[in-house]
Amino acid sequence: MAKDTKKTKSSKSDSTKNGEALAPSAPTREIKEGELVWYNERKGYGFVKIDDTEIFLHRSTLDRFGLIRLLTGDRVSVSLTENEHGKVIQDLLTVERPVSPAPPMASAPADDEVRAVVKFFNDVRGYGFVTAENIDDDVFVHSRVLSDCGFHSLLQGQKLLVKVDDSGRGPQVQAVRLLNE
């Protein structure tokens, strides 16, 4: 009986070479750079703009890198992967925080400003209240207004100059400057 010595390709031949097992090929990582559009600590996610696309960033990615939060405008280098929703950020590789100019300061209020003192500000929730002179109610201040004015947060007792608007939902801060006394 003649033995058939003809070799046939099998899936096993793809994973071995000369009888030795090959390591499974690692998935290719796509490395990209982008800018943080926004990140919400409370919700645990945000988006990074890479090229012309906003890519999802989950809290667990920050945890693996050792960060609690990123700030709008931070430049990041990331590795991307794909899931059922499309491209997502797998790993955060570098973070560069642009040097921001000092927040605006003044020693006297402008015609449309009032003096105020920070009652409290919650970084996680992104809002707080100030007490303003000549206004009986506490005045609401949102982190978006702070960001637009060059601030990342406020400290209790901090003295400010603020522009206030009351458009039916109670008094709200529209602009902020530090009071330099």
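Given the structure, is VAL114 of a type outside the set (Lys, Arg), in contact (Cβ under 8 Å) with a residue 40 or more places away in the chain, touching an Asp or Glu at 6+ places or on another chain (Cβ under 6 Å) and on the phi < 0 side of the Ramachandran plot? So VAL114 fits the description; yes.
Provide a single number: the residues in region 104-150 that are among the β-branched types (Val, Ile, Thr) and within 19 Å of the chain's Cα centre (by Cα). Steps first, answer last, please.
Start the filter on region 104-150 by keeping residues that are among the β-branched types (Val, Ile, Thr), which leaves 114, 117-118, 124, 130-131, 135, 139, 141, 145.
Next cut, within 19 Å of the chain's Cα centre (by Cα) only: 124, 145.
Final tally of qualifying residues: 2.
Scanning for something exposed (fewer than 15 other Cβ atoms within 10 Å of the Cβ), modelled with pLDDT of 90 or more and touching an Asp or Glu at 6+ places or on another chain (Cβ under 6 Å), does region 47-67 turn up at least one residue? Within region 47-67 (the criterion being exposed (fewer than 15 other Cβ atoms within 10 Å of the Cβ), modelled with pLDDT of 90 or more and touching an Asp or Glu at 6+ places or on another chain (Cβ under 6 Å)), the answer is yes, since at least one residue qualifies.
Quick test of your reading of the structure: THR81 fulfils all but one of (1) modelled with pLDDT of 85 or more; (2) surrounded by fewer than 12 Cβ atoms within 10 Å (Cβ to Cβ). Name the failing condition by number. Exception for THR81: condition (2).
Can you find, within region 103-156, the residue that is modelled with the highest pLDDT among those that are hydroxyl-bearing (Ser, Thr, Tyr) and farther than 23 Å from GLU41 by Cβ?
THR131
The set of residues in region 159-170 being assigned to a strand (DSSP E or B) and touching a residue at least 24 places away in the same chain (Cβ under 8 Å) consists of LYS159, LEU160, LEU161, VAL162, LYS163, VAL164.
Quick check, is LEU161 more than 23 Å from the chain's Cα centre (by Cα) and surrounded by 13 or more Cβ atoms within 10 Å (Cβ to Cβ)? First the steps, then the outcome.
Values: more than 23 Å from the chain's Cα centre (by Cα): yes; surrounded by 13 or more Cβ atoms within 10 Å (Cβ to Cβ): yes.
For LEU161, the condition - more than 23 Å from the chain's Cα centre (by Cα) and surrounded by 13 or more Cβ atoms within 10 Å (Cβ to Cβ) - is met.
The values are calculated or read from the model by the stated rules, or taken from the named source; none is laboratory data. A quick note: this is a predicted structure, and the numbers were derived from the prediction, not measured. All Cβ positions, even for glycine, are placed from backbone atoms using ideal geometry, and neighbour counts span all protein chains on display.
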